[in-house]
Amino acid sequence: MPLTDRLAVLTVTQQASGTSFTDRLIIWLHVAFVIFTIGPVTIAILASPRYIRTRNVAVLRYMLRTTRIFGTASLGVLAFGIAAAQSLHKLNSAWVTTAMTLFVVSLVLLVLIMRDQRRAVVALETASEHEALATANTPPPPAAETSQDDSDDAPDARAIPVAPQPRAAASVERGRIASLAGIVTLLWLVILVLMVWNS
């Protein structure tokens, strides 16, 4: 049998036997990174607006840390996805290119979400400090025997301005996080459909 015929038979045999162990390992790592990184990030970014609304700074700070850690680890999804597509000779496919582009866009949006989470934490902490300061500086109510002159001066003494900007800023960040989190989740669902449809 000629050498070319032997190579052709060997190629057909390898294709019939399916993917190699290395290819399956890369695909398994790709799926594992999807499960253990995309899942926690999705929960963190979707839950952040709720804790901004309830002004729970401790939980919001934890959501920020979760988004940062697992968002960085989600780069493994992209890395092993490229490796799997290359090992299966599908890296030049249109759906793979589309999926990689959408994933990069979602990573950029994650960076914006983390920025807004950080700003919301600072805004809520500032609002709490202003409220604590206003409560501490509020004088007791005037006595009934206070003279008319003292009662005229009392409103000015009790007027402690509290800056509304921190709470308003937190509301702005909450709306922006909610909208960006919805877009990121939608992008990941589109990528999932592309993966399942073309696998």
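A crude spin-label estimate for the pair SER20 and LEU112, with each label 7 Å from Cα along the Cβ direction, gives 4.2 nm.
Computed from the C-beta positions of TRP197 and THR101, the FRET efficiency with R₀ = 22 Å rounds to 0.85.
Can you tell me, using C-alpha contacts under 8 Å and at least 6 residues apart, the relative contact order of the stretch 48-145 as a whole percent? With pairs under 8 Å counted, the relative contact order is 40 percent.
Note on ILE35/THR135: beta-carbon distance plugged into 1/(1 + (r/R0)^6) with R0 of 45 Å gives a FRET efficiency of 0.45. Between ILE82 and THR42, the modelled label-to-label distance comes to 2.4 nm, taking each label 7 Å out from Cα in the direction of the beta carbon.
Read-outs: derived from the displayed coordinates by stated rules, not from any lab. What you are looking at is a predicted structure, and each value in this text was computed from that prediction instead of being measured. Positions of Cβ are backbone-derived with ideal geometry, glycine not excepted, and every protein chain shown enters the neighbour counts.
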